[in-house]
Amino acid sequence: MKLNRRKTAQAAERKVPDFDQRLLTIVERQEDPAQRPFLELLAADTLELANQAEPQRLVGRSVLAGFLSTAAVALGALLWLILERPAFWATALACYGPVRLAARPLPSMTSSSPRATRPSAAAPASP
C-alpha cells in the first residue's frame, strides 16, 4: 500500500465525514501560491474540526494496542540488553575463559619487491 497525501486525506475523510472534503482541497491546491491565503483560512477551520474529532474514529483500538504492545516489548528488550549485558559477559567469561586474540606480527616496513628498490621518478638522478 503506497501512502501519499491524497490517499491519506481521502482515508481520513472517509472515517470522519465532518471534514467535508476540506483535507482533499488543501492537498490538491497547496502547490498554487495564489491559493495560499484561502488555504490558510481553510486549514484553520479544518484544525478546529480535527480537534473536535475523536481519535478512535481515525485509529482503531486494536491498531493502537498493537503499536503500544510493540513499543513495550522493544523497551523491555532494550532494558534487558542494558541491564543484563555485564551478567552475560561474566557468564561467558566463567564458562569459556578469557578471549585471547591471536597475536599477529606487524607487517615488515622493508620490502623485497623490485618496486621498493627502484628510485622514484621525482627523485633527481645522481651524477
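The values are calculated or read from the model by the stated rules, or taken from the named source; none is laboratory data. All of these numbers come straight from a predicted model, not from anything done at the bench. Quick reminder, even Gly has a Cβ in these numbers, built from the backbone with ideal geometry, and neighbours come from all protein chains shown.
A few comments on the model shown:
- Single residue of segment 24-49 satisfying the filter (in a helix (DSSP H, G or I) and charged (D, E, K, R)) that is surrounded by the fewest Cβ atoms within 10 Å (Cβ to Cβ): GLU48
- Filter result for the condition that a residue is touching a helix residue (DSSP H, G or I) at 6+ places or on another chain (Cβ under 8 Å) and of a type outside the set (Phe, Trp, Tyr), over ARG14, ARG29, ARG61, ARG36: ARG29
- Within segment 71-87, none of the residues are at pLDDT 70 or above, under 30 Å from ALA11 (Cβ atoms) and not in a helix (DSSP H, G or I).
- Qualifying position, being among the charged types (D, E, K, R) and over 30 Å from the mean Cα position of the chain (by Cα), among ARG6, ARG36: ARG36
- Residue match in segment 67-84 (condition: surrounded by 13 or more Cβ atoms within 10 Å (Cβ to Cβ) and hydrophobic (A, V, I, L, M, F, W, C)): no
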